[in-house]
Each structure stands twice: as C-alpha cells, then as structure tokens.
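Read the figures in this text as sums done on the coordinates, not as results from a lab. Nothing here was measured: the structure is a model prediction, and the numbers come from that model. With ideal geometry, Cβ positions are generated from the backbone for all residues, glycine too; neighbour counts draw on all protein chains shown.
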C-alpha cells in the first residue's frame, strides 16, 4: 500500500500541516522515530521523543498537538493510539487471505458441523461432534477434539490443539502451537506414587479473547476453566485447571496462574508473574513483572516484589536493599571503632 501524506491524513481523519511538496510525498510504512525514513510515517506519544523527532528522517509524524520547530508534515489526531492502529492496518503486509473450504489433506469427521465460509488448512484433524461457526479459520496441522465448538470469525493458527469438550467463542484468536484443554497438573500421593486425578471438566473461552503462541490452558477437574470476554494473553503463559479469569484482563508472557485462582475484570499480570493456587485477585488489580503472589489481593491494588506487597512498600524495600552494601560497610567500620574503644577501656582496668 502506498499513500501520499495527504491521503493518509484523510484516512486517519487528521488535521494536516505542511506545504504541498511535503504532503504529496509517498508513505509506504510506519516506523519508530529513530528508524523512520522519508517514505515512512512515525508517531510521538511522549514528550521525551520530541527531541529525537527533530533529527528524524521520517516523511511525516502523527501527533496529538502541533509541535513547533519541526519541518515535516504533522498529522494531528485526537487519539494517537487509535490512529497508529489504523495506520498499521493500512500498511500491513499484503498476505494471501485464507479461502473458504477444506484442504484435501485435512481429516474431518462425518458428523462434524462445518459452517459456511470456514477455512480448514492442510493436515488439520477435526473429530466427531465438533461444531465450527461461520467464517472461522483453522490453520494447517490443527487438531480439534471430540464435541468441542468454535464460534464465528475465530482463528486457530497452525498446530493449535483443542482437546475434547472445549467451547471457544466468537472472534477468538489463538496463535500457533498453543494448547487448549490439556489435562491439569493435579496428583494425589497414594501407595508411594503420584496418581493423576481425573480432569473431566472443560474449557470455556469467551468472545474476543486473544491467546498468544505456545500457551497452555488446562481443562478443569470438574466444571470449566474460564477465560472472560476481551481478555488478551501473551505468549508462553500457563493457565491451570479450574482457573476463572474475568473480562478484559491482560496477562503478559511467562506468567503462570495456578489451579482454581480467580481473577476479576481488568486485572493486569506483568511478565513472569506467578500466582499461588486458590487465591483471588480483585477487579483492576495490577501485578508488576516477576512478582510472586501468595495470597488474595483486593480490587484496585498495585502490587510488586516476591512475595507481592503494595507497590509503594516494594519501592521502599528495593531502596533499602540497594543501600545494603554501603550499610554493611558502615557497620564494619563501626564495629572496628567499637572494638578499639573496648580495647582502650580494658587497658585502663
């Protein structure tokens, strides 16, 4: 896709500044400030990038208000993030779209219900009783187990595995190599050996959920593991059995949610956050990266550290930890002075 700066401004509903020579140049991509060239548009969302912008070779810049002293076209918008999403969509790679129909190498059970417009890729396997809604896409090498359902306009990328008795909603995206409905990690130690507890429940993934690559969502022992509508999950995340995640949560890469945890709506878990089993995280709570949460957290909290504590307390703790080497040095000096004073007192006796 190629657009002039003026055409791009119209697409973004932006106010445009710049002379005709500048606004007529061709734009073919979006790039960050430092890397952008004359045929690329960049964006500024933070004051700290304004200095870099004056040295940038970008052909145009998306801003929320006019920046003085910048000799390049400015596309002034109400919301930079909305404009950026739109621009990235405009200049996205022109990939071959999936076409409706079932690849000849796919194996589809006779009693599976495949709706109109569904695309089933090469070597996919769809078992008995599966139902797939209209215009959904099943990538190559996917496996959908018995009696599972997939809603409309959803997409499973290559090699996604959905086990039996799972329910996936509409407009869901699951990226490559993720697994939905695997048996949970639940064992009892009986007669000197760990015996697996049967997991007869399922998984429910509600509408507009997005799950990254190489994630695992375990099935419940009984009932369902549930991921609420609008929740977004990064790559390499583990969701254990019987977990219930609320709506519009964000869970960042390498986070692990242990069995039977309950997350409210709008919860944010940073990268590598670990939750102990059977705890509840209240609505809107944010947990900083690499935190270990050992007990339930009320709504609206900001937590950090391991074990996780309130953000303010964590910052004070970090400050003290960083001062420990100097404090240890002072303590050593004080100990020497005390030893000398005590030795002097002993000589007087």
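Quick notes on this structure:
- For the stretch 12-27, the residues whose backbone nitrogen is under 20 Å from a point 7 Å from the Cα of residue 57, taken along Cα to Cβ, are 22-27.
- Legend: calculated FRET efficiency, residue 318 to residue 97, from the Cβ-Cβ distance at R0 = 45 Å, rounded to 0.05, equals 0.35.
- The stretch 115-183, Rg to Rh (Cα coordinates; Rh as Kirkwood inverse mean 1/r): 0.91
- When you restrict to C-alpha pairs under 8 Å that are six or more residues apart and normalise by the size of the stretch 92-176, the relative contact order lands at 21 percent.
- Fraction of beta bridges assigned by DSSP in the stretch 201-336 that are antiparallel (%, nearest 5): 5
- Rel. contact order, % - alpha carbon contacts under 8 angstrom, at least six apart, the chain: 6
- Sequence of 265, 313 once ranked by neighbouring C-beta atoms within 10 Å, starting from the fewest: 313, 265
- Burial ordering of 187, 49, fewest other beta-carbon atoms within 10 Å first: 187, 49
- 199, 164 arranged by Cβ crowding within 10 Å, fewest neighbours leading: 164, 199
- Of all DSSP beta bridges in the stretch 3-90, antiparallel share, percent nearest 5: 40
- On full extension, the segment bounded by residue 197 and residue 173 gains 5.6 nm, given 0.36 nm per residue less the C-alpha separation.
- Förster-model FRET efficiency, 56 Å R0, residue 330 and residue 2, C-beta, rounded to 0.05: 0.30
- Theoretical FRET efficiency, 1/(1+(r/R0)^6), r = Cβ-Cβ of residue 110 and residue 294, R0 51 Å, to 0.05: 0.50
- Zone of residue 38's modelled label, taken as backbone nitrogen in the stretch 7-26 under 18 Å from a point 7 Å along Cα→Cβ: 18-26
- 25 °C / 0.890 mPa s Stokes-Einstein diffusion coefficient of the stretch 272-341, Kirkwood radius on C-alpha pairs, µm²/s: 174
- Restricted to Cα atoms, the chain shows a radius of gyration and a Dmax of 27.8, 102 angstrom.
- Only beta bridges with both residues in the chain are counted; by DSSP, about 15 percent of them are antiparallel.
- Mean Cβ count within 10 Å, highest first, over the residues of peptides 240-251, 56-67: 240-251, 56-67
- Using C-alpha pairs below 8 Å separated by at least 6 residues, the relative contact order for the stretch 3-90 is 29 percent.
- Model label zone, residue 337; criterion: amide N under 19 Å from point 7 Å along Cα-to-beta-carbon; scope the stretch 287-329: 324-329
- Over the stretch 201-254, volume per residue of the alpha carbon convex hull, in Å³: 56
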